[in-house]
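Below: one structure, written as structure tokens.
The values are calculated or read from the model by the stated rules, or taken from the named source; none is laboratory data. For clarity, every value in this text was computed on a predicted model and none was experimentally measured. Virtual Cβ from ideal backbone geometry, glycine too; neighbours counted across all protein chains shown. When the accessible area is computed, the model is the full protein with side chains, heavy atoms only, and any ligands, DNA or RNA have been set aside. Shrake-Rupley method; radii C 1.70, N 1.55, O 1.52, S 1.80 Å.
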Amino acid sequence: MKTQWWKKAVVYQIYPRSFCDSNGDGIGDLNGITSKLGYLKELGVDVLWISPFCQSPMHDNGYDVSDYYSINPEFGTMTDFDRLLESAHNMGLKIVMDLVVNHSSNEHPWFTESRSSRENPRRDYYFWRDGRDGGPPNDWKAFFSGPAWTLDKATGQYYLHCFSPQQPDLNWENPSLRAEIFDMMRFWLNKGIDGFRMDVISFISKPLNAGSLVFPDGDMRILVPNGPRVHEFLSNMRREVLSRYDIMTVGEASGVTVDEAVKYANSGGSELDMVFHFEHVGLDGSETGKWNDLKINLVELKKVLTRWQHGLFGRAWNSLYWCNHDQPRIVSRLGDEGEYREKSAKMLATCLHFMQGTPYVYQGEELGMTNAPFAGIGDYRDLESINAYEELVVQEKRIAEGEMLRYLRLKSRDNSRTPMHWNGGRHAGFSDSEPWIMLNPNYREINAEEQMQRAGSVFAYYKTLIKLRKEMDIITHGDYQLLMPDDPYLFIYTRSYGGEELIVACNFSGFGQVFTLPERFHSAKVLIANEAHPITEGAVSLGAFGAVVLAAT
Ligand code: TEU
Ligand code: CA
């Protein structure tokens, strides 16, 4: 049995393009990350998950890999990577890589070979099918707009791509493909990396019944996740590769349910260590997807997160996140961008960091960074946003321009991809020249330099949360119980472990809330709070976006 160090760890996600630019070309890079290790150490995180930095034509900012064995020149060289890894290790920080193997880039040599002829030995590394009635083989729509199949004239067949046409899906049914992927994973693990975050790993087994080549019609987003052989593929991967190293693995598992997660992240350790689910961040979506102005409902949010806390307790392991490079900023989404920005950022952090699981902090979240005021479609860089605009506004005219721009400001992935705010100076200290994507102009007020030297900052608060997790086993191991499930403003839960008990109370509303404390907390002591919180006569009154954690004495 390995130590399972990741159960007590806090992970920090770095989107390398937007983190720190060391050579003034406007694009973040590996040397930039190395130069900020001191900052990350100060924050107190244990693990850095770095979004893809391998060779890529960058249609999807590296989630389209054309060579898994080399570094994209914009990000640096293999020597830079080796230095980053060594420096991180010297400081006691671990590094987790993004493994993008559901698909490759259409510029990967495997795809070049595969498309060259129907007889090519690597033809079967991707999914090639004949068209149907003069169109694609089935009715699937891709994540990034348009059909999930593209006709390749060279051989007259269509290839499958669940994302963009530049991201053809790899065919995991093919044993040589699997072997090549496992070899590549060993290459990085032998360098000494500390694990993988696996991109859309729940998609690798396509819904094909044994021997059948026919893709069923229907909603691709529902049909593709958790396919018939996914657990077989992952347990082989565990046996042949992962189990030989003391690492952590987290699978990005779009479409995963609690029952499926119990298999992927089972405590027997036969597949992955944990998965990211999407249920809580999907609560402001609709049948038409994410392009709307719906808000996450707190009662639903509590229901979902509680179901995951209970469902995985003792059986599997949770990952905890509000933010990543695909999600808008949490302060803008569930908190307040104005007067209560800092306070709501701390409240949201409190709510998440006291749950059971491994917390993930996305760059800038620890400063309370917000969504960005993008003006027109020309300000966006993300292919998902640009393609959706083109499809829904320009081609199909289903959404008016102004309305779509409003949805994009709320939901676009670029909201989390604006450069990190290091200081209030030129280009926010991110770069010496114009960044590849616009800066959020609020970097003058919201930046690391200012927050690192201010006791009450969001940064200081995250530091405390991370430290508490290290000190208190109850946060890692305690039982979770939700109180007042139907309250529309308060999220209150308890954790208990070995006779100790905590109560975590968070006010998701912009006005004051009072609630009666259970008897056993009447003389409790405050562990952390984002405001002065009068506890009088057995009641707590929380101001707008207030949060408090009490330990029963
Ligand atoms: O995301 C996969 C995924 O499940 C999508 O639903 C994603 O959440 C989408 O961006 C929603 O708007 C992963 C990566 O995290 C993402 O950045 C990549 O673009 C995608 O895979 C393809 O590799
Ligand atoms: Ca650079």
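Quick notes on this one:
- Counted residues, region 143-166 - those being under 22 Å from the mean Cα position of the chain (by Cα) and over 11 Å from Tyr126 (Cβ atoms): 7
- Residue in region 86-98 that is within 16 Å of ligand 2 (Cβ to nearest atom) and either of a type in the set (S, T, N, Q) or within 22 Å of the chain's Cα centre (by Cα) (or both) present: no
- Number of residues in region 457-481 that are open to solvent by 40 Å² or more (accessible area, probe 1.4 Å) and in contact (Cβ under 8 Å) with a residue 24 or more places away in the chain: the value is 7.
- Region 230-252: number of residues that are of a type outside the set (Val, Ile, Thr), open to solvent by 10 Å² or more (accessible area, probe 1.4 Å) and touching a Leu at 6+ places or on another chain (Cβ under 9 Å): 3
- Hits in region 393-438 (condition: open to solvent by 30 Å² or more (accessible area, probe 1.4 Å), within 14 Å of ligand 2 (Cβ to nearest atom) and polar (S, T, N, Q)): Ser433
- Residues of region 518-543 satisfying the condition of being crowded, with 16+ Cβ neighbours inside 10 Å and of a type in the set (A, V, I, L, M): Ala524, Leu527, Ile528, Ala529, Ile535, Val540, Leu542
Condition check ((1) in contact (Cβ under 8 Å) with a residue 12 or more places away in the chain; (2) more than 16 Å from ligand 1 (Cβ to nearest atom); (3) in a helix (DSSP H, G or I)) across all residues:
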| position | (1), (2), (3) |
| --- | --- |
| Thr79 | no, yes, yes |
| Gly92 | yes, yes, no |
| Ile95 | yes, yes, no |
| Asp98 | yes, no, no |
| Ser105 | yes, no, no |
| Thr112 | no, yes, yes |
| Asn120 | no, yes, no |
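- Among residues of region 381-431, those that are farther than 26 Å from Gly368 by Cα, assigned to a helix (DSSP H, G or I) and charged (D, E, K, R), counted: 4
- Where a residue in region 319-347 is within 15 Å of Ser416 (Cα to Cα) and within 16 Å of ligand 2 (Cβ to nearest atom) and its partner, wherever it lies, is modelled with pLDDT of 95 or more and not aromatic (Phe, Trp, Tyr), with Cβ under 7 Å and at least six apart: none
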